[in-house]
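Please read the structure below before turning to the comments.
Just so you know, all these numbers are worked out from the coordinates, no wet-lab data involved. Quick caveat, the model's predicted, so the values are computed rather than measured. Neighbour counts are summed over all protein chains in view; Cβ atoms, including those assigned to glycine, are modelled from backbone coordinates with ideal geometry.
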Amino acid sequence: AAMRQVPRDLFVPEALRGKAYGDHSLPIGFGQTISQPYIVGVMTSRLSLEPSHKVLEIGTGSGYQTAILSRLARTVYSLERIDELARRASALLKTLGCQNVSVKAFDGTYGYPAAAPYDRILVTAGTDEVPEPLLAQLAVGGRLVVPIGPPDRQRLRVIRRRKTDFAQEDGESVVFVPLVGKFGRVRAGLRP
């Protein structure tokens, strides 16, 4: 229902709007993509969101996933390392009336300690391992969803924080752009 409420065509470049509702990813500039609707739905479902949840999203991109999260959670903090994408997404989310969203432009691998802990964390880029700051900012009982593995063998991993440790399970095969940042697969300024 949340996905039906969000007009996906507004989140893709104008030249690609005719393809906005196909079940495939599309380029949004800066080497980034908007995920295919099926994967957005799967990732959202794996979060098991409740209306009281505070969510941290790593990788705002176009803001499409953010808009969907905003309809299911109390508050969404979304981090995007590319300033122009963060500005575009923030403006569009405001236009759509997403009042419970805060978009910040900086390295998401640090997380956002100012509003931690989070009930749910969603990482929308692939990495070999979950950045430690994100694990530290996940609330006890919280859930983190992240694409894990090398680019050709990524799996969608769900990590649950228990009182003294973490439980995890791997699910669907996925393909995501690499998580870039100090604690990501691609360190700032370096190439894979």
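Here are a few things to note about the model shown:
- Both radii are taken from the alpha-carbon atoms of segment 108-182; with Rh as the Kirkwood radius, Rg/Rh is 0.96.
- Taking a sphere under 15 Å around the Cβ of Q99 and counting the other residues whose Cβ falls inside, with K and R at +1 and D and E at -1, yields a net charge of +4.
- Top of G142, G111, G22 by mean-square fluctuation, Gaussian network on the chain, Cα under 10 Å: G22
- Qualifying lysines (Cα of each under 26 Å from Cα of K104; at least 8 residues distant if same chain): K54, K94, K182
- Under a Gaussian network description of the chain, with springs only between Cα atoms under 10 Å, the residue in G61, G31, G181 that fluctuates furthest is G31.
- 37 °C / 0.692 mPa s Stokes-Einstein diffusion coefficient of the chain, Kirkwood radius on C-alpha pairs, µm²/s: 200 µm²/s
- Environment charge at E169 (Cβ cut-off 12 Å; Lys +1, Arg +1, Asp -1, Glu -1): +3
- Largest GNM mean-square fluctuation across Y21, Y77, Y112, computed for the chain with C-alpha springs under 10 Å, falls on Y21.
- Whole-Hz ³J(HN,Hα) from phi, Karplus 6.51 cos²θ - 1.76 cosθ + 1.60, for segment 147-157, glycine and proline x: x, 10, x, x, x, 8, 9, 6, 10, 7, 9
- For L16 and A115, a Förster radius of 35 Å and the Cβ-Cβ distance give a FRET efficiency of 0.60, rounded to the nearest 0.05.
- Positive minus negative residues near M43 (Lys, Arg vs Asp, Glu; Cβ under 12 Å): +2
- Restricted to Cα atoms, segment 1-98 shows a radius of gyration and a Dmax of 12.5, 38 angstrom.
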